[in-house]
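Single-structure report; data block below.
Taken together, the values in this text are just the output of simple stated rules run on the coordinates, not laboratory data. As the structure is a prediction and not an experimental result, all values here were calculated from the model. With ideal geometry, Cβ positions are generated from the backbone for all residues, glycine too; neighbour counts draw on all protein chains shown.
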Amino acid sequence: MAAGPPIKKENMKNTQNQQILQYFKDGGSLTPLSALKLFGCFRIGARAWDIAHGKADGINYPIVSEMVKDEATGKRFAKYHLFCK
């Protein structure tokens, strides 16, 4: 798992959607395993959908989901981040 931006303590009071959105805004990306470890989130796909549809702060954000392959196991999984131009 690549190191992402640090999680700020003041963000821990926010909802899971708000915490994940701030993490994305800080340049982070999340896989199901990293979302579980960092935020206790079992359903990162659902949180990404919420953020994309304005459920975090009323603004729709462009969320990118890409499929990544683990070279060691051959398993594929999704990785989510904000779209940057």
Over the chain, the sum of -39500 (n - 2.57) across DSSP H runs of at least four, divided by residue number and rounded to 500 deg cm²/dmol, gives at 222 nm -9000 deg cm²/dmol
Of Gly27, Gly74, Gly54, the most mobile residue in a GNM of the chain (C-alpha springs, cutoff 10 Å) is Gly74
re the chain: pairs of Cα atoms spaced beyond 20 Å account for a percent value of 28 percent
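Would you mind ranking Leu33, Leu21 by Cβ crowding within 10 Å, fewest neighbours first? Walk me through the numbers on the way to the answer.
Numbers: Leu33 11, Leu21 24.
The order, fewest Cβ neighbours first, is Leu33, Leu21.
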Long-range amide H partners of Cys41, meaning residues 5 or more apart or on another chain whose placed amide H is closer than 5 Å, are Leu36
Note: Phe42 to Phe77 extended length (0.36 nm per residue) minus current alpha-carbon separation gives 11.2 nm
